[in-house]
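Okay, so here's the structure we're looking at.
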Amino acid sequence: MRGKKLWTQIERGWLPHEQRPTLRVALITALGSFVGLLVVAVISRAVVGAEDVPYIAAYMGAAAVLMFGAPDSPLCQPWPLIGGHVLSGVVGVTCYRLIPDVMIASVSAVALAILVMQLLRCLHPPGGAAAMVAVIGGPGIHALGYGYALVPVGLNALVLLGIAVLINNAIPGRRYPSPPTG
């Protein structure tokens, strides 16, 4: 009896409350994220070179999880997506240029990106990674300077947004971007 009560408490507090999507919806969203990330990877390779694509693919992959897997989340609506990525990119480049120690620059980039995103109401977790990549990325990323925030970061976010709008709105009962509440 005691074990069952404990499990009930764990279920209520730790397991998600939303319903699991159908297999069809899960497959459509997986396909959408695949197409979106493939386009992002092609753009990134053209801009920064193949060596630096994994850095960018990592944070855009995290954005895709939010946009296709949890499209109702306030963290992946258009302003957080675009603003969070672009502003964090600017913060990251600034930290890279002003702070010579890579460790201090990278953690400062994330912390300051969170601050800026919160103040401007565009909190998007992958934005923190975009800021960090501006510091720890390779020569292709560093050579872009502040341009990094616009291309590839901003352009990739716009491309992913467009694909997310198409895919999510093709699913019956789903609307993306989510309508404002209240």
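The values are calculated or read from the model by the stated rules, or taken from the named source; none is laboratory data. Keep in mind that what you see is a predicted model, and the values were worked out from it rather than measured. With ideal geometry, Cβ positions are generated from the backbone for all residues, glycine too; neighbour counts draw on all protein chains shown.
Quick notes
- Selected residue (only one of ALA131, ALA109 is under 27 Å from VAL65 (Cβ atoms), assigned to a helix (DSSP H, G or I) and free of Cβ contacts under 8 Å to residues at least 40 places away in the same chain): ALA109
- Qualifying residue in segment 46-68 (condition: more than 17 Å from GLY138 (Cβ to Cβ) and without any contact (Cβ under 8 Å) to a residue 24 or more places away in the chain): no
- Hey, ALA58 assigned to a helix (DSSP H, G or I), closer than 15 Å to ASN156 by Cα, modelled with pLDDT under 95 and among the hydrophobic types (A, V, I, L, M, F, W, C) or not: yes
- Selected residue (criterion: farthest from the chain's Cα centre (by Cα)) from residues of segment 139-175 that are buried (at least 22 other Cβ atoms within 10 Å of the Cβ) and not β-branched (Val, Ile, Thr): TYR148
- Number of the condition not met by PRO100 [criteria: (1) in a helix (DSSP H, G or I); (2) surrounded by fewer than 18 Cβ atoms within 10 Å (Cβ to Cβ)]: (1)
- VAL42 being of a type in the set (A, V, I, L, M), assigned to a helix (DSSP H, G or I) and more than 15 Å from the chain's Cα centre (by Cα): yes
- Positions within segment 113-138 being of a type outside the set (Gly, Ala, Ser) and buried (at least 22 other Cβ atoms within 10 Å of the Cβ), in sequence order: MET117, CYS122, HIS124, PRO126, MET132, VAL133, VAL135
- Residue within segment 169-176 that is assigned to a loop (DSSP other than H, G, I, E, B), among the hydroxyl-bearing types (Ser, Thr, Tyr), in contact with a helix residue (DSSP H, G or I) (Cβ under 8 Å, 6 or more places away or on another chain) and in contact (Cβ under 8 Å) with a residue 60 or more places away in the chain present: yes
- Checking VAL153, VAL165 one by one, the residue that is modelled with pLDDT of 95 or more, out of contact with any helix residue (DSSP H, G or I) (no Cβ under 8 Å at 6 or more places or on another chain) and among the aliphatic types (A, V, I, L, M) is VAL165 and no other.
- Only a single item in (1) farther than 22 Å from PRO172 by Cα; (2) among the aliphatic types (A, V, I, L, M); (3) surrounded by fewer than 17 Cβ atoms within 10 Å (Cβ to Cβ) is not met by VAL65, and it is number (1).
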